[in-house]
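Derivation of every value follows stated rules applied to the coordinates shown; laboratory data play no part. For clarity, every value in this text was computed on a predicted model and none was experimentally measured. Heads up, the Cβs are rebuilt from the backbone with ideal geometry, glycines too, and the neighbour counts pull from every protein chain shown.
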There are 2 protein chains.
Amino acid sequence: MSAPHDDDAVQALYASLTNSVRRLVDVTIRSQADLDGIASAKAKIDAAADELGSSMIPGSFGVQLDPSGSPRAWGNAVIGLRNALAPPLVVHRESDGSVWAEVTLGAAYEGPPGHVHGGICALLLDHVLGATAHKPGRPAFTGTLTLRYESGTRLGPVRAEAHVDRIAGVKTFSVGHLSTSDGVTVRAEGVFIHPRTT
Amino acid sequence: MSAPHDDDAVQALYASLTNSVRRLVDVTIRSQADLDGIASAKAKIDAAADELGSSMIPGSFGVQLDPSGSPRAWGNAVIGLRNALAPPLVVHRESDGSVWAEVTLGAAYEGPPGHVHGGICALLLDHVLGATAHKPGRPAFTGTLTLRYESGTRLGPVRAEAHVDRIAGVKTFSVGHLSTSDGVTVRAEGVFIHPRTT
C-alpha cells in the first residue's frame, strides 16, 4: 500500500475510535444501568484505557505534520479528530473569507436544562471567529472576545458562522453568530492577533 | 442501608465511572498504540457503551433533585459529575460572595500547542462569573460576556475566580480572571440575568 493510503486508513481508525468515545461520554451521562452494569462497563473502559495508554506521546498532541507536511490539530478541543470533547466542528471556508460550521450538540454540551451551556457557545464562537483570521502557517490568537446572548441555544442542530469585519495591522476584527431553528441565539465580536514574526 | 448512604455510594460509583471516561478521552488523544491495539480498545469501548446504553434517560440530564430535594446538575458541561467533558470544576463560595475554582487542564483542553484553547478559557470564565449571580432555585443566564486575553494559558494547573461588581435590578455585573503560575492570563466581565418570575 502507498503511504497516503496507509495514512487515510490510520486517520479513519482514529476517527472511528474517537466517535466511540464520544458515544461513551453521552451514555455515561444518560445511563440508567444498574450498579452491576456500571461496574462492569467501568472495568471494560479501564481495560481499553490501559491498552491505549501502554504507549503515549508525552504532554499534549499539539500540532503535528501529516505525510504531506500539512499541520494536523487532532487534539484540538473544538476540531480535534482524536479529541472526544470536540463535537468535532468541521469549519468550511467560503471564497469571500467567511467561515461556517454546522454541528449537532447533545447532552454533553448542556448548561441550563435542554440548552447549550453559555460557555460552550463561547467556545464555538471563539473558534469560528478565530478561523477567519487564520492563515496557513500563521495562526491568530484571541485578543478580545465579546458575546451577546440573545436567547437560549437549544441542544440539537446549531450553526456557527463568522466573517472578517476589517483588518488593521496584525489585528483582524471578526464578527459572527450562533443560530438554531429558533433564529440567532448568540452574537460575537472578536479581535484576533497574528504574533509579529521577529 | 439508609437511603442517604445508598445515594452516596451511587454518587461515588458515577464519579468513578466518569473519571475512567475522562482518562479514556485523554489516552485517546495521546495513544501511540498500534492499529490492532486501537481496534481492540475500540471493541471494549463499544461493549461498555452498549452496556451503559441499554437503558437511558431520553434527551439530556437537565437538573434532577437529589434525595434531599437539592438540585443536581450532573450533566453540566463544566461541573457535571457524570459529564466527562467537564474537568469537572468544583466551585467554592466565600462568605463575601466571591467564587473560585482550581483545576488541572490536560491534553483534551488544548488549542494552541501546549496551551488551553481560548474558548475553553471562555467556558470556565462564563461558568465562574455566572456562579456569582446564582441563587438557590433562581439560576442566572449569561447576558453578555467580554473576555480580554492577556497571555496564553498553559495547560496544567489553572485558577478561575470571580466576584460581583454590582447588582442592578435583575442584572448582576461580575468580573473575574483566569491565572496560572505565569500570572493572570484572561480577564472577563459579564452581565448575568435572573429571569423575571411572572
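Compactness of chain A was expressed as the Cα radius of gyration divided by 2.2 N^0.38 Å, which yields 1.16. A straight line joining the Cα centroids of the range A:74-137 and the range A:33-60 runs 27 Å.
When B:Ile193 is represented by a point 7 angstrom out along its Cα-to-C-beta vector, the spacings to that point in the other copies are 3.1 nm, nearest first. The other copies place their B:Glu150 label points at 3.3 nm from this one, listed shortest first, where each point is 7 Å from Cα along Cα→Cβ. The Kirkwood radius of the range B:63-141, taken over pairs of alpha-carbon atoms, gives through the Stokes-Einstein law at 4 °C and 1.567 mPa s a diffusion coefficient of 94 µm² s⁻¹. Label-point spacing for B:Gly37 across the identical copies (point 7 Å from Cα in the Cβ direction), in nm and ascending order: 3.2. Ordering A:Asp46, A:Asp34, B:Asp7 from the fewest to the most neighbouring beta carbons within 10 Å gives A:Asp34, B:Asp7, A:Asp46. With the gyration tensor restricted to C-alpha atoms of the range A:1-109, the semi-axes of the equivalent ellipsoid amount to 29, 21, 12 Å, longest first. Per-residue Cβ neighbour counts within 10 Å put B:Ser68, B:Ser174, B:Ser31 in the sequence B:Ser68, B:Ser31, B:Ser174, beginning with the fewest.
As a check on your grasp of the helix formula, calculate [θ] at 222 nm for the protein assembly as shown: sum -39500 (n - 2.57) over DSSP H runs of n ≥ 4, divide by the residue count, round to the nearest 500.
Numbers: 6 runs with 124 residues, N = 396.
Theoretical 222 nm ellipticity from helices: -11000 deg cm²/dmol.
Considering only A:Val27, A:Val99, A:Val158, the Gaussian network model of chain A with Cα springs below 10 Å gives its largest mean-square fluctuation to A:Val27. Across the range A:90-193, the convex hull enclosing all Cα atoms gives 98 Å³ per residue. Evaluated on the protein assembly as shown, the Kirkwood hydrodynamic radius is 21.6 Å, with distances taken between all distinct Cα atoms.
In terms of surrounding Cβ atoms within a 10 Å radius of their Cβ, B:Thr132, B:Thr28, A:Thr104 rank from fewest to most as A:Thr104, B:Thr132, B:Thr28. With viscosity 1.567 mPa s and temperature 4 °C, the Kirkwood radius over alpha carbon pairs of the range B:15-68 converts through Stokes-Einstein to a diffusion coefficient of 95 µm²/s. Below 14 angstrom from the Cβ of A:Val186, what's the summed charge of the other residues (Lys, Arg +1; Asp, Glu -1)? Summing Lys/Arg as +1 and Asp/Glu as -1 gives -2. Span-like helix criteria (full DSSP H runs; alpha carbon extent of at least 15 Å along the helix axis; mean Kyte-Doolittle hydropathy of at least 0.0) are satisfied in chain B by B:35-52, B:118-133.
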